[in-house]
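Working notes, structure below.
The values are calculated or read from the model by the stated rules, or taken from the named source; none is laboratory data. A quick note: this is a predicted structure, and the numbers were derived from the prediction, not measured. Here Cβ is always computed from backbone atoms with ideal geometry, including for glycine, and neighbour counts include all displayed protein chains.
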Amino acid sequence: MIKTGGDDENEEEGEGKGGSDSGNGGGGERKLGDFVKYFRIRGVPYDAEVQDILDFFKEVKDIDESDIALRFQRDGRFSGLAMVRVHSAEDEQIALDMHRKYLGKRYVEVFHSEKEEFQSAANQSGKSKGPTAKLTDIATEENGVVKARGLPYDSTFDQIKEFFKEFKLHKDGVYRQYFRDRPDGQCFVVF
């Protein structure tokens, strides 16, 4: 799986915080407001679809298909992880209250996440379901792509961008690779 690191400056980062932004998210062309939080939903049944997740979060007032993104494994199968975006403090609390509730026969876990993780999943949820779906869309003859290996596992998107600061990066810039939800020490950098 690959996560992207965009160039948005108006986002909160850190463990236990949801990222926020005021621009268009990775899940669609929806105009986002001032309050945006992201969640990782773990334990989703493998046969679930976006509508099943919308039904699960039916108490969230302002949510639609563009606020849901499914994560896929390298072979293109659904991983049991989904990303959800909410637009109010009230909806944030409703989402957190769904932690360990049942979706079908499985209980799901709800955790705060970040914008980059949502965008990565949204990129995978597009037409092609492979881990490099978005990367292959922007890797053209005009853009250069470099694979960086041996990265510290705890390095951040910002640290990777700082390392390549002498070059003009593509707007998405960094595509970080993950294995079992942990950085695998590799990334692709798009120029």
Practice task
Would you point out which residue out of Y107, Y153, Y102 is at pLDDT 80 or above and either aliphatic (A, V, I, L, M) or within 19 Å of the chain's Cα centre (by Cα) (or both)?
Solution key: Y153
Exercise for the section: Residues being over 24 Å from R182 (Cα atoms) and not hydroxyl-bearing (S, T, Y): count how many of those fall in the range 54-84. Expected result: 12
Practice task
Please identify the pairs in which a residue from the range 45-60 that is in the same structural domain as K101 (by TED's automatic domain parsing) has its Cβ atom under 6 Å from the Cβ atom of a residue that is in a loop (DSSP other than H, G, I, E, B) and of a type in the set (V, I, T), counting only partners at least 6 apart or on another chain.
Solution key: F57/I63
